[in-house]
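The values are calculated or read from the model by the stated rules, or taken from the named source; none is laboratory data. Keep in mind that this is a model prediction, so the values were computed, not measured. Note that each Cβ is placed from the backbone with ideal geometry, even for glycine, and that neighbours are counted across all protein chains shown. Heavy atoms of the whole protein, side chains included, go into the accessibility calculation; ligands, DNA and RNA do not. Shrake-Rupley method; radii C 1.70, N 1.55, O 1.52, S 1.80 Å.
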Amino acid sequence: MTTETPTSPPLLRLTDISMSFGSTQVLTDVSLEVRRGEVLCLLGDNGAGKSTLIKIMSGVYQPKSGKIEVEGRPVTFTSPRDSARYGLATVHQFGGTFPLMTIGRSFFVGAEPEKGFWPLKRFDRKFANEVAVREMRQLGITRVTDGDRLVGGLSGGERQALAIGRAVYFGASILVLDEPTAALGVKEAAHVLRIVMAARKKGIAVVFITHQVTHALTVGDHFAVLIRGAKAADFRKGEKSREEITDLMAGGEAMAELEAELDAYENAHEGHAPQIA
Amino acid sequence: MTSQDERGARGRDGAIAVKPSAPPRFDVGGLIRRPETGALIGTVGVLVFFSIVGGRTFLSSAGVSSWLNVAAELGIIALPVGLLMIAGELDLSVGSVLAASSMTTSIVSGNWGMPVFVGILSGLALGLLVGAANGLVVTRTRVPSFVVTLATNFSVAGITLALAIALTGSTSSSLSAGEPAKTLLGSLIGGQFEVAVIWWALAVAVVGWLLHVSKYGNWIFAIGGDLESARTMGIPINGVKIALYMSSALGAALVGVIQAILYNGAQVAAGQAFVFNSIIAVVIGGVLLTGGYGSVVGIVMGTLTFAIVNQGIYFSGWDANLASLILGLMLLAAVLMNNTFRRMALSYSPKSKPVEQGRR
Ligand SMILES: Nc1ncnc2c1ncn2[C@@H]1O[C@H](COP(=O)(O)OP(=O)(O)OP(=O)(O)O)[C@@H](O)[C@H]1O
Ligand SMILES: [Mg+2]
């Protein structure tokens, strides 16, 4: 594993990225750096622009202005394929796996292993299944032993492991995860966090998006908070307390203010806490 | 929290080491997981049923050829239509493409007296052209394919009628194809079985290879399963869809050409029944209407089921309209069963852990 000197260029650097959809300004001059073997946590409320930012990183959208550099060289990503060539792998917030396909088939979508000779080349199912199961096992998913099972039958955490295992297998150097723990229970979420740590240990740079401060604090080395499309804070592990981060994410409002609001709500609704999605 | 979880994970490892679960050779889960299981039950069901009520003639070679011929013509179209459905798209234009191609072949080689292979190639080329147009419009405009191909069906029917009258002064055309075209495309083997049966068998082999053996099948399933993910994984979505539309139109054109040569002519109004019949066959065959799931064996079973009901009714001595009723009910049952089988396939795992979560 290589440890970078602080002077070497970061694996990925975004400078003054701005984005708008029609007249809606979604991102304003956001700058970020992602370094090898580091987990960058991107925090922010719903609609802050986190997904949009990572879609720019992965070439789904092109920014209206700003600069993207990979290891110091300026690049433009015009498609997800483009960013993949530079070692970026993205697991998007929704989807990313195919529920009605088998584990082995979905692992290799778009990069199918083949055997035999043209024009009778065959999809190598055995190899695909073996690799998929092996990669998931390396991420600690030991209950999945049959690569012919359908992805839709996997739990949320197992699906994340499948997607992350795929990225690792195809040699990603930057792994971008959009809310990988959002739909998961405590145990599954812990498992995904452990997978993130495992990826970092391999020297992969991870961009980890989450709402949950606890999850961020568990794995993050470096944090950035987005508020309404602008970067509100950028700090390293240990520089801010959990309360400070929570306050930041709530849009700068003090937590006390929020608590007062919640109390008022509970009083008004006869003791029922507001439902949390 | 972390240490507890670690223990949990190790416990799981231990359980697996103690109890290695080698998948048994014959397992119910594996069977349920296959999209053609329901279709197979349907085909066997109607075959047994009509063998009983249809009497001995139903299983005689005359009886078998009557439904096999129907199955062959329908099957050549249903296979690529099934691929399209797995990719999440519909093609409602196969009816007019069939008529347009058979008219083209018949006019070129009949009315105009050109060599029959020129007529055949013109008919097939016309099909490919319409298919490419369908594919281009669907991928460029993102208008639902239901609407695009319905519009194509009407437009092509209109153009065919107008051109036929302008060119020949009639809505039909006659053609007497010589050898070897007659033997290859429009003859009856043993006086009973259409050569189309052999073309269908070839199509089954090619499409089966494409969908289940080659890597292109993976692309088709991925496109129908989750279009956006397929796109981000670098699959040439537009190219695949255009190719699929061209293949369904080619299937329809081939049947059109076969009919023109077999029946020594063509009519502008032919073929419209194939629009819905192909969809019925595909859905009865276990392909999911919403895409992402299906198999070639299933499509073949669905086609056979359709043909057996469609022809078997004549051997039963009942009102032939009952065939439509039976097919309608089977279609409904198939959709319900497809959903059930799919749910079972999804929740099937060796340890039978209840699932259906994780997607937000
Ligand atoms: N394609 C689009 N067209 C128009 N507006 C969009 C588009 N994509 C996102 N937006 C808007 O941009 C803003 C940021 O959206 P984004 O999905 O990036 O938020 P997010 O931070 O990922 O939120 P969440 O935490 O809920 O996932 C939202 O107001 C959203 O409505
Ligand atoms: Mg988001």
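Please build a GNM for chain B, connecting alpha carbons under 10 Å apart, and tell me which residue among B:A132, B:A252, B:A72 fluctuates the most.
B:A132
In percent, what relative contact order does segment B:35-342 have, based on Cα pairs under 8 Å that are 6 or more apart in sequence? Please report the intermediate quantities before stating the final value.
Values: 586 pairs, mean separation 116.0, N = 308.
Worked out over segment B:35-342, it gives 38 percent.
In segment B:219-247, whose amide N lies under 20 Å from the spot 7 Å out along Cα-to-Cβ of A:F170? List them in ranges.
In segment B:219-247, the label zone of A:F170 (backbone N under 20 Å from the point 7 Å along Cα→Cβ) covers B:219-241.
Can you pull the mean other chain C-beta count within 10 Å for peptide B:181-191? Mind dumping the intermediate values first?
Working: counts 0, 0, 0, 0, 0, 0, 0, 0, 0, 0, 0.
So the per-residue partner count for this stretch is 0.
Taking Cα pairs under 8 Å and at least six residues apart, what relative contact order does chain A come out at, in percent?
Working: 500 pairs, mean separation 65.1, N = 277.
Relative contact order of chain A: 24 percent.
Near the amide H of A:L43, under 5 Å away, which other amide H atoms are found, from residues 5 or more places off or on another chain, if H is placed in the peptide plane?
HN-HN under 5 Å from A:L43: A:A224, A:V225, A:L226.
Kindly identify segment B:35-342 as rounded, prolate or oblate by the Cα gyration tensor criterion: order the square roots of the eigenvalues as a ≥ b ≥ c, call it rounded if a/c is under 1.5, otherwise compare a/b with b/c, prolate if a/b is larger, else oblate.
Cα axes put segment B:35-342 in the oblate bin.
Ignore the peptide's own chain and count Cβ atoms of other chains within 10 Å of each Cβ in B:226-238; give me the average, rounded.
6
Would you mind checking which residues have amide H under 5 Å from A:V207's amide H? H placed 1.01 Å from N; only 5 or more apart, or other chain.
Answer set, sorted by chain and number: A:L40, A:L175, A:V176, A:L177.
For chain B, modelled as a Gaussian network with Cα springs under 10 Å, which listed residue fluctuates most, B:A125, B:A273, B:A71?
Top of the fluctuation ranking is B:A273.
What ³J(HN,Hα) values, in whole Hz, does the Karplus curve 6.51 cos²θ - 1.76 cosθ + 1.60 give for segment B:222-234 when θ = phi - 60°, with x put for Gly and Pro?
Karplus values, whole Hz, x for Gly and Pro: 5, 5, x, x, 7, 4, 5, 5, 4, 5, 5, 8, x.
Among A:E130, A:E266, A:E112, which one shows the biggest mean-square fluctuation in a GNM of chain A, springs joining Cα atoms closer than 10 Å?
Fluctuation is largest for A:E266.
At what distance in angstrom do the alpha carbon centres of segment B:158-186 and segment B:68-97 lie from each other?
22
Given a Förster distance of 30 angstrom, what is the FRET efficiency for B:F117 paired with A:E114, based on the Cβ-Cβ distance and rounded to 0.05?
So the FRET efficiency works out to roughly 0.25.
Enter the mean number of other protein chain beta carbons within 10 Å of the beta carbon of each residue in A:142-151, as an integer.
6
Please give the charge dipole size of segment B:35-342, origin at the Cα centre, charges +1 on K and R Cβ atoms and -1 on D and E Cβ atoms. Round to the nearest 20 debye.
280
R0 = 60 Å: FRET efficiency of B:A205 with A:E71, Cβ-based, nearest 0.05?
0.75
Could you size up the charge dipole of the protein assembly as shown around its Cα centre, putting +1 on the beta carbon of Lys and Arg and -1 on that of Asp and Glu, and report it in debye to the nearest 20?
So the magnitude is around 1780 debye.
When only Cα pairs under 8 Å and 6 or more residues apart are kept, what is the percent relative contact order across segment A:1-117?
It comes to 24 percent, rounded to a whole number.
Compare the peptides B:318-330, B:37-49, B:103-115 by average per-residue count of other Cβ atoms within 10 angstrom and give them in order, highest first.
Put in order of decreasing packing, that is B:103-115, B:37-49, B:318-330.
Just report the Cα centroid separation between segment A:24-88 and segment A:100-160, whole Å.
Cα centres, segment A:24-88 to segment A:100-160: 29 Å.
Charges only on Cβ, +1 for Lys and Arg, -1 for Asp and Glu: so what's the dipole of chain A about the Cα centre, in debye to the nearest 20?
Roughly 1800 debye, rounded to the nearest 20.
Mind checking which of A:S20, A:L139, A:L40 is farthest towards the positive end of chain A's charge dipole, using Cβ charges of +1 (Lys, Arg) and -1 (Asp, Glu) about the Cα centre?
Positive-most Cα among the choices belongs to A:L139.
From the phi of every residue in segment B:62-78, what ³J(HN,Hα) in whole Hz does the Karplus formula 6.51 cos²θ - 1.76 cosθ + 1.60 yield, where θ is phi - 60° and glycine or proline is x?
Working through the residues one at a time gives 5, x, 4, 5, 4, 8, 5, 5, 4, 4, 5, 5, 5, x, 4, 8, 5 Hz.
Beyond 21 Å between alpha-carbons counts as too far, so tell me which of A:K202/A:K240; A:K67/A:K231; A:K115/A:K202 fall in that bin.
From A:K202/A:K240; A:K67/A:K231; A:K115/A:K202, over 21 Å: A:K202/A:K240; A:K115/A:K202.
Could you point to the residue in A:T214, A:G116, A:S31 farthest towards the positive end of chain A's charge dipole, with +1 and -1 charges on the Cβ of Lys/Arg and Asp/Glu respectively?
Ranked along the dipole, the leading option is A:G116.
Assuming a ≥ b ≥ c are the square roots of the Cα gyration tensor eigenvalues, decide whether segment A:152-233 counts as rounded (a/c under 1.5), prolate (otherwise, with a/b larger than b/c) or oblate.
Note, shape of segment A:152-233 comes out oblate.
Do any chymotrypsin sites (Phe, Trp or Tyr not before Pro) in segment B:234-311 lie in a DSSP loop with no more than 16 other beta carbon atoms within 10 Å, and if so, which?
Answer in residue order: B:Y263.
With θ taken as phi - 60° and the coefficients 6.51, -1.76 and 1.60, list the Karplus ³J(HN,Hα) couplings across segment A:8-13 in order, rounded to whole Hz; mark glycine and proline as x.
In residue order, the calculated couplings are 5, x, x, 4, 9, 10 Hz.
In square angstrom and rounded to 100, what buried accessible area do you get between chains A and B, total over both, with the probe at 1.4 Å?
Working: alone 14710 and 18140 Å², together 28890 Å².
The contact between B and A buries close to 4000 Å².
Heavy atoms only, probe 1.4 Å: what % of the accessible area of segment B:35-342 goes to carbon and sulfur, would you let me know?
Looking at segment B:35-342 in its full context, I get 73 percent from C and S.
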